[in-house]
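Nothing in this text is a laboratory measurement; each read-out follows from the coordinates by a stated rule. On a predicted model such as this, the values are computed, not experimentally measured, just so you know. Backbone-built Cβ (ideal geometry, glycine too); neighbour counts: all protein chains shown.
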Amino acid sequence: MLKKLYRKYLIDKKLFRIFGKLIYYKKEWNLSWIDFIKNKSLLYFIFEIKKETMPLPFYLQVEPTTKCNLKCEFCTRKTMSKDRLNKDIDLNLLEKIFKENKNIKVVKLQGMGEPTISSNFEEILKFLKSKNVYLSTIINGTTLNSEKVRKLLLQYFDHIIISVDSIQKEKYEQIRKGAKFDNVVEGIKKLVKDNKKYKKKISINYVMSHLNYKEIPKTIDFFEKLGIPVGFVEVQNWKTPIDSEFFDEHNFVMQERIIREKIYNYIQQNLKEEYKEKYNFSFLMKSYHLKGKCNWGFYMCFITFDGLITPCCIRMEEKYALGSLKEKSFSDIWNNKNFKKFRKAHLKRIYYPLCEYCPD
Ligand code: SF4
């Protein structure tokens, strides 16, 4: 009897969660009910079905360029091979991707470069718009003073995310080498003003660590006053033990991990009452390990400017690729032995080097 009730409780809880996901993502990604019925990848995602062989992914992160106008301190771009730097995605590759994968519903433009400075930015956006996908991007905000850039962003994207990891001018400029804090804020203000006509979603992405957590309450206040919500992610180690930088990064990340509860309490004590309902930091009190829980590589993947497919955006480099679209079709790669091995490791929670130290 107890066993029956327990199982029923679990099933009910799962059904409740699935229903919540359906409602949330339908709204979030402007999807229709038909999309959920017709799109097998989306359906698997909602019902949390994971197998070694999966339908082609509905969610792609695509690297539009490896050009960047900054030299950020933490950026792994400096370890990229020189022949892959300062390159833009070829429109033919995008066409191939969409021709071979009919499940694509959501695309995020993000990678080792600043999307807004890719030389074929407008061309890419026009193509993606014609495919009727939910489109988002993450940018560094340095180009927002250009009217043309703001117009392209607001015209084509559903969600524009701007990375800002400090609201202290000096600290910001120290992290984002080459960026001017005042210019970025000025550009953000202009974007918000122009957005009155477009009403697109704009948010800030803030990577929190042991070095900047005390700024969080002020950061929320600062951007909320401009009318922009802030999304918080914990610092992650983008390296694996095969990389020489792994241990330095690991030590840095661990300094945040060991004070997660302290960070949570600090924010709770210092966040203005009016933001407490909107900003939930309870993730800091939960486990952060992703292995075995990750959706990447099952419903989502990352594609580099030159067609390499990796499972996710924190393993963007060439060495993490599980296949190349220059050599094979999307479906050949998606269920090849590399992807099956990756999925098996997640399903059985066994050792898999690429994910073993994720996120730290
Ligand atoms: S490294 Fe592995 S566990 Fe981590 S986000 Fe990527 S796919 Fe998921």
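Expressed to the nearest 5 percent, the antiparallel share of DSSP beta bridges inside the stretch 148-234 is 0 percent.
Under a Cβ-only charge scheme (Lys and Arg +1, Asp and Glu -1), can you give me the dipole magnitude of the chain about the Cα centre, in debye to the nearest 20?
The dipole magnitude comes to about 1580 debye.
A straight line joining the Cα centroids of the stretch 10-70 and the stretch 153-220 runs 27 Å.
Calculated translational diffusion coefficient of the stretch 11-136 (10 °C, 1.306 mPa s; Stokes-Einstein with Kirkwood radius over alpha-carbon pairs) equals 96 µm²/s. Note on the stretch 142-240: Cα Rg divided by 2.2 N^0.38 Å, N the number of residues, gives 1.09. Treating each Cα of the chain as an identical point scatterer and summing with the Debye formula, the log10 of I(q)/I(0) at q = 0.07, 0.11 Å⁻¹ comes to -0.31, -0.82. Placing +1 on the Cβ of every Lys and Arg and -1 on the Cβ of every Asp and Glu, with nothing else charged, gives the stretch 254-360 a dipole about its Cα centre of roughly 560 debye. When only alpha carbons of the stretch 231-295 are considered, Rg and Dmax amount to 14.5, 46 Å.
Mean separation of Cα pairs under 8 Å and 6+ residues apart, divided by the residue count of the chain: what relative contact order is that in percent? Relative CO of the chain lands at 19 percent. Hey, which of these cross-link pairs are over 30 Å Cα-Cα: K131/K225; K67/K169; K214/K239; K27/K189? With Cα atoms farther than 30 Å apart: K131/K225.
Dipole of the chain computed with +1 at Lys/Arg Cβ and -1 at Asp/Glu Cβ about the Cα centre; of T116, I204, T310, farthest Cα towards the positive end is T310. Charged neighbours of A179, selected by a Cβ distance under 13 Å, balance to -1 (K, R count +1; D, E count -1). If you sort the three axes of the alpha carbon gyration tensor as a ≥ b ≥ c, you get a/c of 1.5 or more for the stretch 176-316 and a/b no higher than b/c, which makes it oblate.
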